[in-house]
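For reference, the structure discussed in these notes is given below.
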Amino acid sequence: MLSQEENELLVRIGPGTPMGEVLRRYWHPVGVSQEVASKPQRLKILGEELVLYRGASGAPVLMQLRCAHRSLALDYGRVEGDALRCPYHGWLYDRAGQCLEQPAEPEGSAFKDKVRLKSYRVQEFSGLVFGYLGPDPAPFLPLYDVLRMEDGVKGIQIRNVNANWLNHVENIVDISHLAWLHGYAYPSYGAKKVTYHWERQDYGVDNVMAIEGKNDDSDTHVSCYGFPTVNRFNVSPVKPGGAQVRTVLYRVPVDDSSTLLYFVRFYPSDKKSFSVSRRMDPPGQYQRLESDWWGIDVADQDRMAIEQQGVIADRANEHLGVSDGGIILMRKMMRDSLTAIAEGKDPLCVIRDPAKQKVDFNQKATLMDDRRDDPNYAGGFGAAAE
Amino acid sequence: MLSQEENELLVRIGPGTPMGEVLRRYWHPVGVSQEVASKPQRLKILGEELVLYRGASGAPVLMQLRCAHRSLALDYGRVEGDALRCPYHGWLYDRAGQCLEQPAEPEGSAFKDKVRLKSYRVQEFSGLVFGYLGPDPAPFLPLYDVLRMEDGVKGIQIRNVNANWLNHVENIVDISHLAWLHGYAYPSYGAKKVTYHWERQDYGVDNVMAIEGKNDDSDTHVSCYGFPTVNRFNVSPVKPGGAQVRTVLYRVPVDDSSTLLYFVRFYPSDKKSFSVSRRMDPPGQYQRLESDWWGIDVADQDRMAIEQQGVIADRANEHLGVSDGGIILMRKMMRDSLTAIAEGKDPLCVIRDPAKQKVDFNQKATLMDDRRDDPNYAGGFGAAAE
Amino acid sequence: MLSQEENELLVRIGPGTPMGEVLRRYWHPVGVSQEVASKPQRLKILGEELVLYRGASGAPVLMQLRCAHRSLALDYGRVEGDALRCPYHGWLYDRAGQCLEQPAEPEGSAFKDKVRLKSYRVQEFSGLVFGYLGPDPAPFLPLYDVLRMEDGVKGIQIRNVNANWLNHVENIVDISHLAWLHGYAYPSYGAKKVTYHWERQDYGVDNVMAIEGKNDDSDTHVSCYGFPTVNRFNVSPVKPGGAQVRTVLYRVPVDDSSTLLYFVRFYPSDKKSFSVSRRMDPPGQYQRLESDWWGIDVADQDRMAIEQQGVIADRANEHLGVSDGGIILMRKMMRDSLTAIAEGKDPLCVIRDPAKQKVDFNQKATLMDDRRDDPNYAGGFGAAAE
């Protein structure tokens, strides 16, 4: 149970907020490589409005949305080379945000030299564009295992959820929901007596669950938390007998009340492919599946749970138990990160050693019996990575 | 004329507000019996979000909407017997709100014993489900005359209005609007010189109107106010020569800016029937009727008047006259109820004596000549009780 | 650059605000003569809700929206002669707002004499209805040149913009945007090196631009600012070889976040005509024109620029240069007007001398080469005055 003040401290992530400062010390997906072109696109992340485009040199540019002159939104502007021109009075900015031209100002004016937009570091990897909104020096981008996988079917899917980012991050380490929220789809642990524990790792936390009475290794199930906002798990094969779908899921805070999910899914296959898809859903509408315990398809169950806690969950009235140890641990890591920044240090799990940039998760999915053969079950299993 | 502070005191009815405390001392309709089943439904009343369902024992259950664990909305849950299970982690609550199961917690944990949801008293009568959100002991449910009527045609209609509850309650005791807002439909008093007075009764207030110069009893017209939110009146027969339609109208505060109306209508008939209907209208859209003075069908005139005062009427700039005596009296009754509660007593018109549970109103509708035979008049008269 | 406080002072125009007091000292369009009839219409101006109708005597009436009795919106009422009756209880108000009847009050009551609605001065000219919301004595209505023009094609167009009024007024004196925002459509100055200066006039300001290196008179271009919210300019002829379209554009503050534009357009022609049109657009949707530099038709470019500064522009982070001299001058005139009112004087450009009521602007449009013959250019030029 948090006080109302503690909850506010954790959930608010706009510019200048303490948690906003923490989350700005990490790389976050801001777009998909194949969609970033010379037409500038507007986006919002961590409560900040930005514009993203690809200049002539081929590198993406991530800058503040509004022109320094009269605050016009630059997604209405025009890319010239690597630079971006505002449509209102023609001010031109280079990729670093430096103003290069103010056409109406007198010849020889030095005014433009004093004008600079915020511009943020960007890099691309595995089909994603990542941005870093924090202070220099930027840490290394974690090269998570799924991102590095090749020779197979890879897909990126972007989805929205109408809720604060912390609801989502709690869902990552809250593994006891598997046996209930997703329990109908996965009979091997659905409604079974399961025990849970959490193990701190360099990258974050391993979530470990074991069915009571079965202590051999094949009956534990490990999903992983990449601090601060990443989830690593496997889902059932797309087709029976196929390979499990390796998944990394970034939960990107848009602002205090909405979140964008970037799924990266991969499975080994002779058929090599890469695809990008988007699915934007209105709040409160979930794919029905009558045969499921809750009447909702497994592909929408997490979104339902996260939204239906309320946009910002009321943590002043929550009741956490032993099985919520992951949530308690994660919140402590957030608070430790707040403290670290206050002391001028890096927050947790920031990578400064290039030897540690490649991150392999301890993910292990052994309890994946599912209802795929149930003629009444639809949707969820096939949705991934197609 | 009220000060802005006095107006705020009267209109706000959420949890913890003084008027919210007053209104919580009465039973209010929360649903319709035939619609309450094992699928939990979400509702809001007095600014409080609740869930309503019917358990296996047949009795309705009215509980707080959100699970005590992680605040999930329980209308997404599943009824098991009389109990309700949360879909997120399977916590199970009995009809009194007591937590029975926390499946992920260790064997033998006493944690669940300490967790209890708010659960409210419910009873059913005349096709309605009533809830009581106040402290024990609950008073008796007033068994209003129309609710007790049988051997005829009975109908329940639920409508919404996008305005604060007090606009509505003022409309109950504000009988001088009949001669104008509804005056075209009722020529016997429409635009006539009418006098008004109000008489306090055990159940609330009688609104008495008399056409000037006609002092015999047949020319008075009495509608009634069941304190704090109920209206009792008759409307014209559905068919010429038929019986007047007896009506009880509950005005249920949803929150500070919206209200739900529960009409219970009855007329004696050999044809016995019972029906339930709903009509949800967007604000500002009213059924047009060009021949009416105001261009709006009589069935929508009150909704227009109540919404078009503003969601919360600006009582700091109102001007009340002698003909607004009912409003002045009603507000005094509200203030007396606030005082009573502050002194640890019951507010007005609460029934503690079982001998007084059956309430018969002094309703008398003698001035019901109407435009039903006018080929240009439509809608309103036939709308009731069909 | 303004402080946040200075910006708030300038943008807020509701009742009781300092800038609201300034703008109330001028006449503003509140409707179009041919549309004002006995059906009362609701409107909002300067954050105030009003009702406008035409009484039997033929004169328009402009009154506060809400009945003094119980705050009902009087656009649901009925005009009787020049008076307006409230539908709720039949209170009747004359055109000056004086209450004439309160039908439910006792015979001989003097209560009605004490009740009066705010009613505002109205006059009609050139097809427009103007209202004056300030204190007496009202100044003269400026009879701008375009309003007085006859013997030709005249059109009034009403459009909406979802932004604060000051964004618009800045756009009037901000003439350096012509060479860029509208630069593709007008090659004679599009992306050219242009110099700017501003000249104070009795009516406001002349905006003067000259293309560098061309100093003869035919190469200057003058548009005008009628203080506080009026723009005077010419646009290209509707048909090649025709006369330029003289335009007066009123930017009417609806409330702090929206503005209504009244265009009055005229060109001399043997074909005499008069038309009224409306175009209401949702925010963020602009007519696409791929061949334009910015992909937006010239008729929507200003609306884009004004909305895309943000509903209230962030002037605490703006950077004004030499070419923004008009904006700096205009803001000084606003501040001088605030000071004048604080000292009990008229604000700037108020007309008290009848000899000065006819206002002729120094408008001169000599740089009007345009893309009308470009088969890829559409829309904008033909939109005017048709």
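The values are calculated or read from the model by the stated rules, or taken from the named source; none is laboratory data. What you see is a predicted model, and the numbers here were worked out from it, not measured in a lab. Here the Cβ positions follow ideal geometry from the backbone for every residue, glycine too, while neighbour counts run over all protein chains shown.
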Could you go through region C:237-252 and let me know if any residue there is over 14 Å from the mean Cα position of the chain (by Cα), under 23 Å from A:LEU72 (Cα atoms), small (Gly, Ala, Ser) and away from chain A (no Cβ under 13 Å).
no
What's the total number of residues in region A:19-48 that are in contact with a Lys or Arg (Cβ under 8 Å, 6 or more places away or on another chain) and closer than 27 Å to A:TYR144 by Cα?
5
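Can you name the residue in region B:273-294 that is of a type outside the set (Phe, Trp, Tyr), surrounded by 17 or more Cβ atoms within 10 Å (Cβ to Cβ) and more than 30 Å from B:GLN34 (Cβ to Cβ) and is also nearest to the other protein chains (Cβ to nearest Cβ) among such residues?
B:ASP292
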Taking B:TYR88 and the conditions (1) surrounded by 18 or more Cβ atoms within 10 Å (Cβ to Cβ); (2) under 30 Å from B:GLU343 (Cα atoms); (3) touching a helix residue (DSSP H, G or I) at 6+ places or on another chain (Cβ under 6 Å), which numbered condition does it fall short on, given that it satisfies the others?
(2)
Verdict on C:PRO187 being free of Cβ contacts under 8 Å to residues at least 40 places away in the same chain and either outside any helix (DSSP H, G or I) or farther than 29 Å from C:LEU10 by Cα (or both):
no
Matching residues in region C:116-153 - criterion: being small (Gly, Ala, Ser) and within 15 Å of the chain's Cα centre (by Cα)
C:SER126, C:GLY127, C:GLY131
Mind checking which residues of region B:136-153 are part of a loop (DSSP other than H, G, I, E, B), touching a residue at least 24 places away in the same chain (Cβ under 8 Å) and closer than 23 Å to B:PRO347 by Cα?
B:ALA138, B:PRO139, B:PHE140, B:LEU141, B:PRO142
Please specify each residue of region C:274-312 satisfying the condition of being under 24 Å from C:MET368 (Cβ atoms), among the β-branched types (Val, Ile, Thr) and modelled with pLDDT of 95 or more.
C:ILE296, C:ILE306
Lone unmet requirement of (1) more than 26 Å from B:VAL11 (Cα to Cα); (2) within 14 Å of another protein chain (Cβ to nearest Cβ) for B:ILE156
(2)
How about region B:222-302: which strands (runs of 3 or more DSSP E) wholly inside it have at least 1 residues that are acidic (Asp, Glu)?
B:245-255
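This table checks each residue for (1) buried (at least 24 other Cβ atoms within 10 Å of the Cβ); (2) away from chain C (no Cβ under 14 Å); (3) in contact with an Asp or Glu (Cβ under 7 Å, 6 or more places away or on another chain).
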{"residue": "B:ILE175", "(1), (2), (3)": "yes, no, no"}
{"residue": "B:LYS192", "(1), (2), (3)": "no, no, no"}
{"residue": "B:TYR203", "(1), (2), (3)": "no, yes, no"}
{"residue": "B:CYS224", "(1), (2), (3)": "yes, yes, yes"}
Residue selected from region C:303-317 under the condition assigned to a helix (DSSP H, G or I) and farther than 27 Å from C:ARG25 by Cα, by the criterion farthest from the other protein chains (Cβ to nearest Cβ)
C:ALA316
Sole residue being among the β-branched types (Val, Ile, Thr), in a strand (DSSP E or B) and within 16 Å of the chain's Cα centre (by Cα), chosen from B:ILE172, B:ILE156:
B:ILE156
Looking only at residues that are basic (Lys, Arg) and surrounded by fewer than 24 Cβ atoms within 10 Å (Cβ to Cβ) in region C:226-258, which one is nearest to C:LEU46 (Cα to Cα)?
C:ARG251
Consider region A:49-67. How many of its residues are farther than 18 Å from A:VAL276 by Cβ and buried (at least 20 other Cβ atoms within 10 Å of the Cβ)?
8
For region B:318-334, enumerate the residues that are touching a Leu at 6+ places or on another chain (Cβ under 8 Å) and more than 8 Å from chain C (Cβ to nearest Cβ).
B:ILE327, B:ILE328, B:ARG331, B:MET333, B:MET334
Do any strands (runs of 3 or more DSSP E) entirely within region C:1-79 hold 3 or more residues that are at pLDDT below 95, and if so, which?
none
Taking only pairs six or more apart or across chains, which ones have beta-carbon atoms under 7 Å, a first residue in region A:30-50 that is over 18 Å from A:LEU84 (Cα atoms), and a second residue that is of a type in the set (Phe, Trp, Tyr)?
A:VAL30/A:PHE130
Confirm whether B:ALA110 is at pLDDT 95 or above and of a type in the set (Gly, Ala, Ser).
yes
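To keep it simple, each residue is scored yes or no on (1) touching a Gly at 6+ places or on another chain (Cβ under 8 Å); (2) of a type outside the set (A, V, I, L, M, F, W, C); (3) within 29 Å of A:VAL311 (Cα to Cα).
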| site | (1), (2), (3) |
| --- | --- |
| A:ASN207 | yes, yes, yes |
| A:GLY226 | yes, yes, yes |
| A:VAL235 | no, no, yes |
| A:SER257 | no, yes, yes |
Identify, please: which residue in region C:6-31 is small (Gly, Ala, Ser) and within 17 Å of the chain's Cα centre (by Cα) and is, among those, surrounded by the most Cβ atoms within 10 Å (Cβ to Cβ)?
C:GLY31
Considering each residue of region C:80-126, count those that are more than 8 Å from every other protein chain (Cβ to nearest Cβ), in a loop (DSSP other than H, G, I, E, B), polar (S, T, N, Q) and in contact with a Lys or Arg (Cβ under 6 Å, 6 or more places away or on another chain), and give that number.
0
Here is a check on your reading of the model: is C:LEU166 touching a helix residue (DSSP H, G or I) at 6+ places or on another chain (Cβ under 8 Å), within 12 Å of another protein chain (Cβ to nearest Cβ), surrounded by 20 or more Cβ atoms within 10 Å (Cβ to Cβ) and not in a loop (DSSP other than H, G, I, E, B)?
yes
